[in-house]
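Accompanying notes for the structure given below.
The values are calculated or read from the model by the stated rules, or taken from the named source; none is laboratory data. Here the structure is a predicted model, which is why all the values come from computation and not from measurement. Cβ sites come from the backbone with ideal geometry, for glycine too, and all protein chains shown count toward neighbours.
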Amino acid sequence: MHLDYLLFDATDDEAGACGFDAMASVMPAHLPGLVREIEAVLGWACAAFGPPAAAEDEGEWGFALQAWDAADHPLDIVYDLTRQRVELPHGENPPGAPSGRVTLTLTLSGSRAFGEAWSEAFPATD
């Protein structure tokens with residue numbers, strides 16, 4: 001799967017756990033494209049490994065999603081697992097919608113199997 005906005009850095013540990021971190025900062029006109037990429041990544045993970053769960057709960061994967069406006073104020077952002085949609089105020093001036101640059105971070109963590117599948121689905125590009 002090709003990603004235009006998200007560029008992930010990978011980490012792993014000796015026990016086999018892995019992590020993938022990405023940050024993207026866009027103007028409001030590009031926010032829908034960035035949100036679609038996040039939905040695609042999280043949708044892939046849900047389809048391939050089921051719903052996210054903490055490793056201590058014997059889950060295969062988990063994630064953290066955060067957003068900030070241009071003034072570095074946190075924005076309300078959630079991923080609705082049922083609808084597989086990111087919910088973030090945006091568009092034509094809805095209440096709470098950012099008017100300037102928006103920065104989003106997405107962190108995924110998972111098992112060795114998750115990391116191997118990730119590498120196949122999202123190959124590193126130079």
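Taking the condition within 15 Å of A113 (Cα to Cα) and not aromatic (F, W, Y), does A70 pass?
no
Answer yes or no: is there a residue in the range 80-95 that is surrounded by 15 or more Cβ atoms within 10 Å (Cβ to Cβ), at pLDDT below 90 and within 23 Å of M1 (Cα to Cα).
Within the range 80-95, none of the residues are surrounded by 15 or more Cβ atoms within 10 Å (Cβ to Cβ), at pLDDT below 90 and within 23 Å of M1 (Cα to Cα).
Which residue pairs have Cβ atoms under 6 Å apart, sit 6 or more places apart or on different chains, and have a first residue in the range 72-89 that is polar (S, T, N, Q) and a second that is in a loop (DSSP other than H, G, I, E, B)?
Close Cβ pairs satisfying both conditions: none exist.
Look at the range 17-47 and say how many of its residues are more than 15 Å from E87 (Cα to Cα) and free of Cβ contacts under 8 Å to residues at least 60 places away in the same chain.
4
Please go through the range 1-54 and give me each residue that is under 17 Å from W118 (Cβ atoms) and assigned to a strand (DSSP E or B), ordered by number.
D9, A10, T11, D12, C18, G19, F20, D21, A22
Which residues, taken from the range 1-16, are within 13 Å of T107 (Cα to Cα) and without any contact (Cβ under 8 Å) to a residue 24 or more places away in the chain?
Listed by number, the residues that qualify are L7, D9, T11.
Taking the range 2-29, which residues are surrounded by fewer than 16 Cβ atoms within 10 Å (Cβ to Cβ), in contact with a Phe, Trp or Tyr (Cβ under 7 Å, 6 or more places away or on another chain) and more than 25 Å from A53 (Cα to Cα)?
Across the range 2-29, there are no qualifying residues.
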